[in-house]
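Colleague: Sending over a structure as structure tokens; questions will come in a sec.
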Amino acid sequence: MKISKEQFNTAQKTLSKKGLSYSQKNTMLSSIYAQNSEIEKGPVVSPLSSYFMFFQTKSFAVLTMILLVVSGTSYASAQSLPGDLLYSVKINALEPIVLVLQKDSKSKDEYRIILLQKRIDELEKLVKRNGIKKESEIESSKATQKNVKVLEKSAVFTEEGQNIKISNQIEKYNSLVSSDFEIKTSIHKNSDDTVGREIKQTNESGMKEKKAH
Amino acid sequence: MNDLHIQKEIKEKFEALFQQHSDVIYRLCLYRTSNEDTAYDLVQETFVRLWKTMSSGKDKEVEKPKQYIYQIARNLIIDYYKRKKTVSLDQLQDKGFDPVASESSAELLTEVSLLKDVIESLEEEFRDVIYMRYIEEMKVKHIAEILGISENLASVRISRGKKMLREKFE
């Protein structure tokens, strides 16, 4: 493609003279502002609802976070053993909550027996791991005593004055801890035991009263 | 300083940029598209985008307005050619598009296409600088600013491009 320098200069002058007229510029500016205001308008959403939407999103995120933290902590504490950081959460928060949720006193006692078995399992796990430390024994003993004391009050005994299931568990427990932390309770004692007999008598008299009615 | 005052300031700044650059951008679009209506639409779209950026509080993005405006216009021209490929001339004429609108525009477009043919025959890196220097008669400093290159490099490109351009003359 060959052109003369004059042709180039003429074409350059023609093009450089070209521009938007005053009215074209004004029309264009109005059109630009109009287009932008249309974009700004967008869908009609009341400021209140947008506030709630923000609030809902935010609160949903917070709620999810709380749920995650709580469920994570609960899971971790449920898996904890005596001496662990979260063990007190398990003993003082998780288990009491489940206990409260039990429908009647019988279910509550059954759950306490489950807890007694759990304490034994925990100690067995500790034995397998590194052995039982004194701090672990203290924590475990406190937790066990709490349930056994309640179980004593509502225990149902055999004709011989013995609650076989709990007795076996307590014996098992005592075999795992040192003598200082053994559970001393009347439940596992034989019919000669005074407390056991008293409870048995109370239960028997209660039954007689019911029959008379 | 309240919001209303800030908006007013932004609007003034935008209008100053519009008055300063709209003609240059119009010529660039006319030169690239060889169509006055398309050039007008592309200029409008360029400044719509600039106004959107500035009015939405992102005016910090427009630190180098000349460069920014040119970049938008160039992108729009590229988009225009991409779209054009997919639409035939017959389809456009059916929609009322007139490739040659008037006698004066026909004359103008002949001159434009003459310039375009010569400049587009140069190597790619020289086309923009030659257009800006010899069609828009811009200073080297401004060319460098728009293209985001050093003044030195812009000068070198202009010098080499000029030499190549001379070779195109009869």
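Colleague: Starting from segment B:2-26, take each residue that is assigned to a helix (DSSP H, G or I) and list its partners that are loosely packed, with under 12 Cβ neighbours inside 10 Å and of a type outside the set (A, V, I, L, M), counting only C-beta distances under 7 angstrom and pairs at least six apart or across chains.
Modeller: Nothing qualifies.
Colleague: Sort out which residues of segment A:86-117 are under 21 Å from residue A:181 (Cα atoms), within 21 Å of the chain's Cα centre (by Cα) and not small (Gly, Ala, Ser), and write them in order of number. Talk me through it step by step, then tell me what you get.
Modeller: Keep residues of segment A:86-117 that are under 21 Å from residue A:181 (Cα atoms), which gives A:87-88, A:90-92, A:112-117.
Now drop any that are not within 21 Å of the chain's Cα centre (by Cα), which leaves A:87-88, A:90-92, A:112, A:114-115.
Within segment A:86-117, A:87, A:90, A:91, A:92, A:112, A:114, A:115 meet the criteria.
Colleague: Of the numbered conditions (1) modelled with pLDDT of 85 or more; (2) more than 7 Å from chain B (Cβ to nearest Cβ); (3) within 30 Å of residue B:49 (Cβ to Cβ), residue A:15 satisfies every one except a single condition; which is it?
Modeller: If we test residue A:15 against (1) modelled with pLDDT of 85 or more; (2) more than 7 Å from chain B (Cβ to nearest Cβ); (3) within 30 Å of residue B:49 (Cβ to Cβ), just (2) comes out false.
Colleague: Among B:61, B:120, B:111, which is modelled with pLDDT of 65 or more, touching a Ser or Thr at 6+ places or on another chain (Cβ under 8 Å) and more than 30 Å from residue B:10 (Cβ to Cβ)?
Modeller: On the way: B:61 fails: more than 30 Å from residue B:10 (Cβ to Cβ); B:120 fails: touching a Ser or Thr at 6+ places or on another chain (Cβ under 8 Å).
Answer to the check: B:111.
Colleague: While we're here: Restricting segment B:124-170 to residues that are of a type in the set (Asp, Glu) and assigned to a helix (DSSP H, G or I), which is surrounded by the most Cβ atoms within 10 Å (Cβ to Cβ)?
Modeller: Of all residues in segment B:124-170, those of a type in the set (Asp, Glu) come to B:124-125, B:128, B:136-137, B:145, B:151, B:167, B:170.
Now narrow it down to the ones that are assigned to a helix (DSSP H, G or I): B:124-125, B:128, B:145, B:151, B:167.
Numbers: B:124: 7, B:125: 13, B:128: 21, B:145: 18, B:151: 14, B:167: 9.
Among those residues, the one meeting the criterion is B:128.
Colleague: Which of the residues belonging to segment A:104-152 are of a type in the set (Ser, Thr, Tyr) and surrounded by fewer than 16 Cβ atoms within 10 Å (Cβ to Cβ)? Let's see the steps before the verdict.
Modeller: Within segment A:104-152, the first condition is being of a type in the set (Ser, Thr, Tyr), and the residues that meet it are A:105, A:107, A:111, A:136, A:140-141, A:144.
Correct list: A:105, A:107.
Colleague: Residue A:163 - would you say it is surrounded by 12 or more Cβ atoms within 10 Å (Cβ to Cβ), modelled with pLDDT under 80 and not aliphatic (A, V, I, L, M)? Full working, then the answer.
Modeller: Working: surrounded by 12 or more Cβ atoms within 10 Å (Cβ to Cβ): yes; modelled with pLDDT under 80: yes; not aliphatic (A, V, I, L, M): yes.
Yes, satisfied.
Colleague: Across segment B:9-22, what is the total count of residues that are facing another protein chain (nearest Cβ under 8 Å) and surrounded by 17 or more Cβ atoms within 10 Å (Cβ to Cβ)? Spell out how you get there, then give the answer.
Modeller: Looking only at segment B:9-22, we keep the residues that are facing another protein chain (nearest Cβ under 8 Å), and these are B:15, B:18-19, B:22.
When the remaining residues are screened for being surrounded by 17 or more Cβ atoms within 10 Å (Cβ to Cβ), the result is B:18, B:22.
Going through segment B:9-22 one residue at a time, the tally reaches 2.
Colleague: Quick check on residue B:117: is it buried (at least 19 other Cβ atoms within 10 Å of the Cβ) and acidic (Asp, Glu)? Give the steps one after another, and end with the answer.
Modeller: Details: buried (at least 19 other Cβ atoms within 10 Å of the Cβ): no; acidic (Asp, Glu): yes.
Taking the combined requirement at face value, the residue does not satisfy it.
The values are calculated or read from the model by the stated rules, or taken from the named source; none is laboratory data. Because the structure is a prediction, the values reported are computed rather than measured. Reconstructed Cβ throughout: ideal geometry from the backbone, glycine too, with neighbour counts over all protein chains shown.
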